[in-house]
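The values are calculated or read from the model by the stated rules, or taken from the named source; none is laboratory data. What you see is a predicted model, and the numbers here were worked out from it, not measured in a lab. When the accessible area is computed, the model is the full protein with side chains, heavy atoms only, and any ligands, DNA or RNA have been set aside. Shrake-Rupley method; radii C 1.70, N 1.55, O 1.52, S 1.80 Å.
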Amino acid sequence: MLFRFAWTAVHLDAAQDAWISDLEVRHFAGSAVYVSASARRITVQECRSLEPVSEDGGYRRMTFHTAGQQTLFLRCRSEKGRHDFTTGHLAAGPNVFLQCSAETSSSFSGSVGSWASGTLFDNVRLEGAALRLDNLEIWNQGVGWAAANSLAWQTSASVIICRSPPGATNWAAGVRSEEHTSELQSH
């Protein structure tokens, strides 16, 4: 299936037990697949996002994004995205990005909303981009702690930032990066 010139190719809202497979999206502005907070038990596999056309800013190019829970992104690929593999505000999890890859990203993957919990990045490859399980502080109108109880496992990125908020833990194990920051925050 091929979509052209879409803001969001697939937007799942109030869906459960859904499956998306073998989707190729070209010339999008927003997301290839966007799973809203009211969706759960969603599988997105073997999907590709290529040749985005939007400016590089705002809520554009959040390529594979979930604000829902129990979402699996399996072997998805992104080229020239901005935030390629992301979770949103209060995404309850567990959510998994498994064997996904991104090339020539312009920004980081990870949570882009406050306090997403239970996200696993397993064998994810981010060429030229960062993975952040972190306190985003005032970024994006004051996100603050973006990730809690999340794990980067056997993942590679140009930079991996893994810090833990008070009362929760984020982990990074078997990761590869040019720079790796891991510290436990306690207040």
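Summary table below
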{"quantity": "Per residue accessible area of region 87-182, 1.4 Å probe, in Å²", "calculated": "41"}
{"quantity": "Amide H partners (placed H, <5 Å) of VAL44, local residues excluded", "calculated": "ILE20, LEU72, PHE73, LEU74"}
{"quantity": "Fully extended contour minus Cα-Cα distance, from ALA92 to LEU74, at 0.36 nm per residue", "calculated": "4.6 nm"}
{"quantity": "Length gained when the stretch GLN154-ASN135 is fully extended (0.36 nm per residue, less Cα-Cα span)", "calculated": "4.7 nm"}
{"quantity": "Accessible-area composition of the chain, carbon plus sulfur, in percent [1.4 Å probe]", "calculated": "50"}
{"quantity": "Percentage of interatomic Cα-Cα distances in the chain larger than 27 Å", "calculated": "18"}
{"quantity": "Cα-based Rg of region 20-114 normalised by 2.2 N^0.38 Å, two decimals", "calculated": "0.95"}
{"quantity": "CD proxy at 222 nm, helix term only [per DSSP H run n ≥ 4: -39500 (n - 2.57); per residue of the chain; nearest 500]", "calculated": "-500 deg cm²/dmol"}
